[in-house]
Amino acid sequence: MDRDDATGPIVQIRRRVKAGAEQIFDLWTKPDLMARWMSPFPGTVDCKANCDLRPGGTFSLVMSSEESSREVSGTYVQIDRPRKLVFTWIGPLTNNVNTLVTLELHPRGDETELVLTHERLPTTAICEGHTRGWGNILDHLADAVVKEF
Amino acid sequence: MIEIEARKGAASRTARLDAVFAALADPTRRAIIERLSRSDARVTEVAEPFQMSLNAVSKHIRVLEASGVVERHRQGRDHILSINTRSLDEVDGWIVRTRRYWEERLDAMERLLRELKKGHKLGPKDRKHGSR
């Protein structure tokens, strides 16, 4: 087993993408575009996306196949078009617990370096989120974001 | 009934995973795990390289035990610590699943970007054919 990979709850992916940061940002935040690539289920016949793009606003993706339907949703924490997007993420992949996704876009000439970070939230933040609603968890996240940058 | 049991199973798995992640969030605890990944060891042996009191190291060890990452056995008067690799395998599972998920999504995103670029060159009339 690779010990380095087992030391933290963070998954980070870097990729050079042949597109401008604005266009990539739109793919992540415009419902009609989100619906065209975000569904992970091969049999998806219908994917509906909704988003209220403002800090504290929510988004959802409902993906339906012939047999079933699944939903992914979250809340926007930070929106800085076209450089950075931070949102919570809850869905089947995360066993329906809250996680945090950070998308960073760095322009590199005609291309963009995309850095995607997906992390589990501290247990205490998850508990607070469940018992006291979204206010607390967002305060907590805002603090974390400010501290980091 | 089966569904409720399955959900309970998933919930306790999630709670367990959260405890493991919390345990791994600290550099001292990660260093302890690294030490124990080489071989089982006594508490005093584990504490030796750290610039902190035995008591402080013991606290970290207790967090690791509570999360299930570290187990303690008695051998006569010694307490021997060892790693429960199964708990770490679960962490690996989450990381592998999540990485695979996003790699696939980003592939799909890049396919759509190419599709949009092609559609743009063809002009607005033909764009509809390029999309689903």
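Rule-based calculations on the coordinates, nothing more; no lab input. No experiment lies behind these values; they were computed from the predicted model shown. Cβ sites come from the backbone with ideal geometry, for glycine too, and all protein chains shown count toward neighbours.
Conditions tested, residue by residue: (1) within 10 Å of chain B (Cβ to nearest Cβ); (2) surrounded by 16 or more Cβ atoms within 10 Å (Cβ to Cβ); (3) more than 22 Å from B:ARG114 (Cβ to Cβ).
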{"site": "A:ARG36", "(1), (2), (3)": "yes, yes, no"}
{"site": "A:ASN50", "(1), (2), (3)": "no, no, yes"}
{"site": "A:GLY74", "(1), (2), (3)": "no, yes, yes"}
{"site": "A:ASP80", "(1), (2), (3)": "no, no, yes"}
{"site": "A:VAL101", "(1), (2), (3)": "yes, yes, yes"}
{"site": "A:HIS118", "(1), (2), (3)": "yes, yes, yes"}
* **Flag if B:ARG114 is surrounded by fewer than 16 Cβ atoms within 10 Å (Cβ to Cβ) and under 30 Å from A:LEU33 (Cα atoms)** => yes
* Does at least one position in region B:60-74 carry a residue that is hydrophobic (A, V, I, L, M, F, W, C) and away from chain A (no Cβ under 14 Å)? -> yes
* Quickly run through region A:16-53 and pick out the residues that are over 24 Å from A:ARG70 (Cβ atoms), outside any helix (DSSP H, G or I) and out of contact with any helix residue (DSSP H, G or I) (no Cβ under 8 Å at 6 or more places or on another chain). => A:ARG16, A:GLY20
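B:ILE61: touching a residue at least 24 places away in the same chain (Cβ under 8 Å), touching an Asp or Glu at 6+ places or on another chain (Cβ under 8 Å) and over 20 Å from A:TRP89 (Cβ atoms), yes or no?
Spelling it out, it is not the case that B:ILE61 is touching a residue at least 24 places away in the same chain (Cβ under 8 Å), touching an Asp or Glu at 6+ places or on another chain (Cβ under 8 Å) and over 20 Å from A:TRP89 (Cβ atoms).
Given B:ASP78, B:ASP107, B:ASP92, which one is in contact with a helix residue (DSSP H, G or I) (Cβ under 9 Å, 6 or more places away or on another chain), without any contact (Cβ under 8 Å) to a residue 40 or more places away in the chain, facing another protein chain (nearest Cβ under 10 Å) and not hydroxyl-bearing (Ser, Thr, Tyr)?
One residue alone meets the criteria, B:ASP92.
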* Structure fact -> In region B:10-58, anything among the hydroxyl-bearing types (Ser, Thr, Tyr) and either touching a residue at least 12 places away in the same chain (Cβ under 8 Å) or in contact with a strand residue (DSSP E or B) (Cβ under 6 Å, 6 or more places away or on another chain) (or both) is listed as B:THR28, B:SER37, B:SER58
